[in-house]
Every structure is written in structure tokens, then in C-alpha cells.
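Heads up, the thing below is written out as C-alpha cells.
Nothing in this text is a laboratory measurement; each read-out follows from the coordinates by a stated rule. Everything quoted here is computed from the prediction, not taken from an experiment. As a convention, Cβ positions derive from the backbone with ideal geometry for all residues, glycine included, and neighbour counts pool all protein chains shown.
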Amino acid sequence: MTLLLALVQSSQFIQFAYLQVLDLLSTVAFLIHGVGEANPIVCWSMQMAPHPVAGLALVKLFGLFLALYCVRMDRRVLLSRINLFYAGLIAWNLVCLILAFEF
């Protein structure tokens with residue numbers, strides 16, 4: 001029960017989970033438009049899974065377990081830096097998606 005309370009109180013974990021959902025959605029948008037995955041580990045996972053989105057979701061789930069480990073080991077500063085990286089990555093993904101559409 002204390003772990004659940006710590007997760008709820010950890011804004012970095014909540015932000016990480018939210019950013020993972022946004023990254024998953026932006027990746028799916030790229031896949032729909034025919035753009036391949038750049039990360040070789042994620043690409044491999046998508047190829048090995050019965051459906052590419054299942055492989056992608058599995059990688060995101062693994063990321064959540066790593067974030068949980070960061071919270072348990074009191075590595076919240078590390079998690080906040082990872083969140084900054086993902087926030088930048090998602091912003092870049094959105095810019096690329098917007099530029100891909102011809103007005």
C-alpha cells in the first residue's frame with residue numbers, strides 16, 4: 001500500500017506515464033503514415049510481437065517498470081531528467097507530424 005501511495009505522490013512518475021502514452025500515440029500516428037520506428041530496440045519488439053502496437057505497448061510497460069524502480073530507489077531527479085527528454089521528443093514528433101501534412 002505504501003508503494004501505491006508513493007506512486008500517487010510522485011509527480012515525476014505520473015508525468016512519465018503520461019509522456020509514455022503521448023509517445024505511444026505519436027508513434028502510432030507515424031506508423032499509420034508509413035514512417036518506421038527509429039529506435040532499434042522498439043523496432044525489434046514491434047517485429048516480434050503479434051501486432052506492432054502490442055510490441056510498442058510492451059516496451060512502454062517495461063519503461064513504466066523502470067520508472068517504478070526509480071521511484072522506489074528515490075531516483076526522482078533521474079526520472080525528472082528522463083521526463084524532460086521525452087517532453088522534447090514528443091514536441092519534436094508533433095512538429096514532424098504537422099510538417100508532414102501539406103496545407
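Here are the numbers:
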{"quantity": "Residue among L78, L97, L64 that alone is among the aliphatic types (A, V, I, L, M), in a helix (DSSP H, G or I) and without any contact (Cβ under 8 Å) to a residue 24 or more places away in the chain", "calculated": "L78"}
{"quantity": "Residues of region 37-52 satisfying the condition of being hydrophobic (A, V, I, L, M, F, W, C), surrounded by 13 or more Cβ atoms within 10 Å (Cβ to Cβ) and not in a helix (DSSP H, G or I)", "calculated": "A49"}
{"quantity": "Near pairs, Cβ below 7 angstrom, 6+ apart or cross-chain, from region 13-33 (in contact (Cβ under 8 Å) with a residue 60 or more places away in the chain) to any residue that is basic (K, R)", "calculated": "Q20/K60"}
{"quantity": "Of the criteria (1) surrounded by 15 or more Cβ atoms within 10 Å (Cβ to Cβ); (2) in contact with a Pro (Cβ under 9 Å, 6 or more places away or on another chain), which one V28 fails", "calculated": "(1)"}
{"quantity": "Number of the condition not met by F101 [criteria: (1) farther than 25 Å from S11 by Cβ; (2) surrounded by 15 or more Cβ atoms within 10 Å (Cβ to Cβ)]", "calculated": "(2)"}
{"quantity": "Checklist (1) exposed (fewer than 14 other Cβ atoms within 10 Å of the Cβ); (2) in contact with a Ser or Thr (Cβ under 9 Å, 6 or more places away or on another chain) applied to G55, failing item", "calculated": "(1)"}
{"quantity": "Residue count for region 73-98, restricted to those that are surrounded by 13 or more Cβ atoms within 10 Å (Cβ to Cβ) and of a type outside the set (A, V, I, L, M)", "calculated": "7"}
{"quantity": "Enumeration of residues in region 20-76 that are among the hydroxyl-bearing types (S, T, Y) and over 13 Å from the mean Cα position of the chain (by Cα)", "calculated": "S45, Y69"}
